């Protein structure tokens, strides 16, 4: 059953989420800047075909759109999306020594954010019975694929976060 | 082995009684000129002594120090040999106190080194080698129960602070933190803190700038100053509030405070000041409305208000 | 995999010819609008290209860069897709030189850090990642044959010096030392040194003092100075000789040198100087008669000669 009115989400939780989204966006932007500077991979649009062949999934946030907001499944989609991006970023491990610290920070921040959402869902008694398990991840067979994968994952993550930010902002409005 | 010292306890509480005995076995007796144990104590003490020849031919001397009030005593068990005193064994006695509970534990999340830095007061010297360990665990119920463990943080020798790196932290979840002090005489732990690292974040100070007069923009009113500021770049993602303090550069006037200023505005006009007077301004910011520590005050900005 | 670049060699000599081909397999063809490979080169180059449809439906394009004179070229194999150019694979071409033999290898035994510090000239930039390793072995026949091995000494990135710690050294035995430079195009080694670490010891400078006039001792003659010195304390066990240089503080006169002075004497009177003139004095010492390097000159001592 969809959650009651948005007021049931504590303001502190929403403010923290907004802060975390901004941090992850900053981390993601740094990863994109470094990939562009170091490997001239600056435009995800140039890698769409490769993305198809690598099979990099997109995390849905359909329940979070302002027209049809269903809070419980929106929170669930937020958590599952973050969990997916955790897995995708892990699959990119070994991308390059220079990018590893940026990737680690991004993963830590995403894991923190996913945990916060899960705990909030538990507090509200709407958490799924079982934590999600990671589906099959794309395999990146070359350094180029890991870098191109990094660009694609970072770009999909940014659009995911943009949507998340909008819904969290809406929920945080007094 | 010719001679051997046995201690009732190598480490005792200051003021406690200690007994030490030295046993010289037979295969030493034929060598010596005077078959009598001599103790050398450093610092010099004069304990009660009882010396006896045991049936199996060994010689034993036992000394008692009723109240050991030195933190270190070096005991040497000796025998006369020719005109020299031969040291056959040595032992060190240590005395001190068990550690009292470390106190004033406080932590700050430092975004520059990306670590939670905790510090504490170690308490009085115990005279013994005492190790301090910063312990913590992640919790999801206001620190009632442990969810995940966190590796102990061992400070560098003699330091009363320790830094827990980002990879062991969940920045937005509560964690229980305390300090354990341990030496040979006991262990004690500090009161426990329960905090989420981001809630104790301390930002670097903002930067203050004068606003250069620009064509087409009226100069500031007499007794006003126009300035702008930028919060610390790595904290852009954190919502903050700031406060500004100002005082005339000369004279005895204290600081005046302008609080609850927004972190990000293009420019700011400060009025109500004395005209054509040099002012010193400083600013600091804090995470807000979410909790956090105030940053240090920024370096000073010196500005002069316009004439009347 | 949709597209794949193959290089004749990922790293070549500058000026060599390189060939690269990109193969787009069939499972990509249904997606694209224009079934034609487009190369993007960074920096921009215009190689000869041959593109062909292979029997198995794959598309292959081969480019030839006759003389590669850029140390880095980023190759991207692309296809038109809608109105965008899709990158399917990327490869980096590197060109440079094999390393020439490092030269001017010299070593100094540093008693402060208790290590043998060797430095060398790396030679011109090879444009490729080149690793330098300080190699050595202990020998007992003037470095003809290796007796014991010594672990390789790997300098920090970009550094042209390395320190072999005391525990790997036999200070009074010969050891053979050389530098190896290696990159993808080759390996080269420097001429070998054969030395015993103590024979290249470099001491810290001695310390110079003025001798205070003392009652019952006649003041120095006009044009003379009385002083004393102490060699660097940790080198007391080393027999040394020293030399003193002096020059009037003002004026253009160069240094005068007093050589072969003993390392340890209670005091020394330097004469033959201009009366009532301020002099600057410095001293250095070296292991002697056994071989060693001169220390740096000591800090200056300023003294004034007595009047006539």
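Looking only at residues that are more than 14 Å from chain A (Cβ to nearest Cβ) and closer than 28 Å to residue A:19 by Cα in region B:162-181, which one is nearest to the chain's Cα centre (by Cα)? Among residues in region B:162-181 that are more than 14 Å from chain A (Cβ to nearest Cβ) and closer than 28 Å to residue A:19 by Cα, the one nearest to the chain's Cα centre (by Cα) is B:162. Could you check, for region B:222-236, whether at least one of its residues is in a loop (DSSP other than H, G, I, E, B), farther than 19 Å from residue A:20 by Cβ and either within 14 Å of chain A (Cβ to nearest Cβ) or out of contact with any strand residue (DSSP E or B) (no Cβ under 7 Å at 6 or more places or on another chain) (or both)? Yes, because at least one residue in region B:222-236 is in a loop (DSSP other than H, G, I, E, B), farther than 19 Å from residue A:20 by Cβ and either within 14 Å of chain A (Cβ to nearest Cβ) or out of contact with any strand residue (DSSP E or B) (no Cβ under 7 Å at 6 or more places or on another chain) (or both). If you go through region C:110-137 and pick out every residue that is crowded, with 20+ Cβ neighbours inside 10 Å and assigned to a strand (DSSP E or B), you end up with 7.
Which of (1) in contact (Cβ under 8 Å) with a residue 40 or more places away in the chain; (2) under 23 Å from residue A:164 (Cβ atoms); (3) in a loop (DSSP other than H, G, I, E, B) is the odd one out, the single condition residue A:84 does not satisfy? If we test residue A:84 against (1) in contact (Cβ under 8 Å) with a residue 40 or more places away in the chain; (2) under 23 Å from residue A:164 (Cβ atoms); (3) in a loop (DSSP other than H, G, I, E, B), just (3) comes out false. Exactly one residue among A:77, A:32, A:107 is on the phi < 0 side of the Ramachandran plot, in contact with a helix residue (DSSP H, G or I) (Cβ under 9 Å, 6 or more places away or on another chain) and touching a residue at least 40 places away in the same chain (Cβ under 8 Å), and that residue is A:32.
Residue A:58 satisfies every condition listed in (1) in a helix (DSSP H, G or I); (2) within 20 Å of the chain's Cα centre (by Cα) except (1). The numbered conditions (1) assigned to a loop (DSSP other than H, G, I, E, B); (2) within 14 Å of chain C (Cβ to nearest Cβ) are all true for residue A:145 except (1). Under the condition of being under 30 Å from residue C:2 (Cα atoms) and loosely packed, with under 15 Cβ neighbours inside 10 Å, which residue from region A:103-141 is farthest from the other protein chains (Cβ to nearest Cβ)? The qualifying residue farthest from the other protein chains (Cβ to nearest Cβ) is A:135.
For region B:202-215, the criterion of being touching a residue at least 24 places away in the same chain (Cβ under 8 Å), surrounded by 13 or more Cβ atoms within 10 Å (Cβ to Cβ), assigned to a loop (DSSP other than H, G, I, E, B) and within 14 Å of another protein chain (Cβ to nearest Cβ) is satisfied by at least one residue.
Counting only residues that are part of a strand (DSSP E or B) and farther than 15 Å from residue B:102 by Cβ, which one in region B:147-161 is farthest from the other protein chains (Cβ to nearest Cβ)? Out of the qualifying residues, it is B:149.
Candidates are the residues of region A:33-49 that are closer than 14 Å to residue A:153 by Cβ and facing chain C (nearest Cβ under 8 Å); the one that is surrounded by the fewest Cβ atoms within 10 Å (Cβ to Cβ) is A:48. Remark: pairs (first residue in region A:37-59, over 20 Å from residue A:80 (Cα atoms); second residue surrounded by fewer than 14 Cβ atoms within 10 Å (Cβ to Cβ); Cβ separation under 7 Å; 6+ apart in sequence or on different chains) = A:38/A:98; A:42/A:36.
With respect to (1) surrounded by fewer than 20 Cβ atoms within 10 Å (Cβ to Cβ); (2) touching a helix residue (DSSP H, G or I) at 6+ places or on another chain (Cβ under 8 Å), the lone exception for residue C:107 is condition (1). Against the criterion of being touching a residue at least 24 places away in the same chain (Cβ under 8 Å), surrounded by 19 or more Cβ atoms within 10 Å (Cβ to Cβ) and more than 13 Å from chain B (Cβ to nearest Cβ), residue A:99 qualifies.
Read the figures in this text as sums done on the coordinates, not as results from a lab. Bear in mind that the values here come from a model prediction, so they are computed numbers and not experimental data. Note that each Cβ is placed from the backbone with ideal geometry, even for glycine, and that neighbours are counted across all protein chains shown.
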